[in-house]
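Presented below is the structure to which this report refers.
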Ligand code: ARG
């Protein structure tokens, strides 16, 4: 076919080059945004008398028909028409005749593609925000149901202090809260309309940029035409936010994998979210969690890819920028896939409270509380720490837990110990007394849950 830009060429494009630089194979995902943008542009051209109102209406109706045909699967895109923008323009002209050739007045594919990407990013981010909000809702549910489910916490993957499952899972709530605000931020900064930037220097046609921006729901227009066509910061921010979400997922999934092992036994994954082995009949593997952990790598790769593509690009548009899309779409799909599986995997897992408690009872998780007991009775903490270190060594030698020592045994290490040591270092006490904001005591976690619920509903209100 002859190219829309073919005027100054004497030869056909080499077939290999045509395939190599054609993006229709992947950028057809932008068809809705492309049509939406073209409708707003055509309407404005009519209002501004750049084309007649009749011509504008013909273009708009043609574009709407085309949209329906694409949605009904009746349209076959042509790789020779290069990308989604020229495919749609060509199909429109075939449908409405010569007037179709007026659509591109005062516009370039450079501002067109920049617009499409921004619109698409806003739509897809909204969907991901909804999925993330749903995960958050489920995390709050698990937390409210496990306010008193005692489990060990870890540093260096060595047992540390007793906490509750509610407290532990609320750590992830905090992470996803930050991720949600990062997505909202990214959308906010992407909320400017580049249309009217033209190829890079705007145009002499009297476009109404503000009108197009508000037709398309943007808060403002972009304020520099070179930046308008060459800015892809929003994709970088999106990829970075997605990479951080995946990093959080990979930590959560790693814990799920550990917790579902026979060694921990803290949780049992639902059969629907586990898989078996083709040789070992007894196996039930946490493949979903492992796959999500694994997919983190590809999303990191996508972030590095776009950063590297944009590095050192001179202003304004360069064809390199066509490489922004596949990895962007891949991250969207990957993140949505992970969110759609991680949420029900968590919601359906069985929590083995007895195993969690047993885990907290071992490993001297109340040793800090023994030291605190002595410190509260006047012994400098550093000395108390030393005394308890000796107690732990003694207990290891005698294979007993600290709270199984007799009072006489305690008093051999320090005369400060009294009968109240037992109630002071009971695991319930250790948890219940940590009432500081952000702590594991049920009263403190209840407050975190309540403020989390409010935060979610405010967020939904403002962003969805
Ligand atoms: N398919 C192109 C892209 O995705 C559209 C912009 C093309 N502009 C150009 N001057 N060749 O970047």
Only one of 304, 315, 335 is within 16 Å of the ligand (Cβ to nearest atom) and either in a loop (DSSP other than H, G, I, E, B) or under 18 Å from the mean Cα position of the chain (by Cα) (or both), namely 315
Checked the range 1-24 for anything more than 11 Å from the ligand (Cβ to nearest atom) and assigned to a helix (DSSP H, G or I); matches are 6, 7, 8, 15, 16, 17, 18, 19, 20
message = Can you find a residue that is within 16 Å of the ligand (Cβ to nearest atom), at pLDDT 95 or above and more than 12 Å from the chain's Cα centre (by Cα) anywhere in the range 121-134?
response = yes
Here the residues within the range 62-79 that are within 16 Å of the ligand (Cβ to nearest atom) and crowded, with 17+ Cβ neighbours inside 10 Å are 77
_Residue within the range 87-99 that is under 31 Å from the mean Cα position of the chain (by Cα) and buried (at least 20 other Cβ atoms within 10 Å of the Cβ) present_ = no
| message | Please verify whether residue 293 is outside any loop (DSSP other than H, G, I, E, B), away from the ligand (no atom under 16 Å from the Cβ) and farther than 27 Å from residue 24 by Cα, treating the condition exactly as stated. | response | yes
Out of (1) over 18 Å from the mean Cα position of the chain (by Cα); (2) outside any loop (DSSP other than H, G, I, E, B); (3) in contact (Cβ under 8 Å) with a residue 60 or more places away in the chain; (4) within 16 Å of the ligand (Cβ to nearest atom), the one residue 309 does not meet is (3)
Would you call residue 41 more than 13 Å from the ligand (Cβ to nearest atom) and touching a residue at least 40 places away in the same chain (Cβ under 8 Å)? yes
Within the range 217-244, of all residues that are touching a strand residue (DSSP E or B) at 6+ places or on another chain (Cβ under 6 Å) and in a loop (DSSP other than H, G, I, E, B), the one farthest from residue 109 (Cα to Cα) is 218
Within the range 271-284, the count of residues that are in a loop (DSSP other than H, G, I, E, B) and surrounded by fewer than 16 Cβ atoms within 10 Å (Cβ to Cβ) comes to 9
Listed by first then second residue, the pairs whose first member lies in the range 200-223 and is free of Cβ contacts under 8 Å to residues at least 24 places away in the same chain, whose partner is part of a helix (DSSP H, G or I), with beta carbons under 6 Å and at least 6 positions apart or on separate chains, are 202/225
When restricted to 118, 102, the only residue in contact with a strand residue (DSSP E or B) (Cβ under 8 Å, 6 or more places away or on another chain) and either more than 14 Å from the ligand (Cβ to nearest atom) or at pLDDT 95 or above (or both) is 118
| message | Any residue that is more than 16 Å from the ligand (Cβ to nearest atom), assigned to a helix (DSSP H, G or I), surrounded by 14 or more Cβ atoms within 10 Å (Cβ to Cβ) and modelled with pLDDT of 95 or more - is there at least one of those in the range 318-331? | response | yes
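Every residue, every condition in (1) in contact with a helix residue (DSSP H, G or I) (Cβ under 9 Å, 6 or more places away or on another chain); (2) over 15 Å from residue 346 (Cα atoms), yes or no:
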{"position": "231", "(1), (2)": "yes, yes"}
{"position": "243", "(1), (2)": "yes, yes"}
{"position": "250", "(1), (2)": "yes, no"}
{"position": "278", "(1), (2)": "no, yes"}
{"position": "290", "(1), (2)": "yes, no"}
{"position": "299", "(1), (2)": "yes, yes"}
{"position": "315", "(1), (2)": "yes, yes"}
{"position": "318", "(1), (2)": "yes, yes"}
{"position": "322", "(1), (2)": "yes, yes"}
Cβ pairs under 7 Å, 6+ apart or interchain, first in the range 318-341 and free of Cβ contacts under 8 Å to residues at least 60 places away in the same chain, second within 16 Å of the ligand (Cβ to nearest atom) and assigned to a helix (DSSP H, G or I), ordered by first then second residue, are 320/309; 323/309
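The values are calculated or read from the model by the stated rules, or taken from the named source; none is laboratory data. Remember, predicted model here, so these are calculated numbers, not experimental data. Note: ideal-geometry Cβ built from the backbone for every residue, glycine included; neighbour counts use all protein chains shown.
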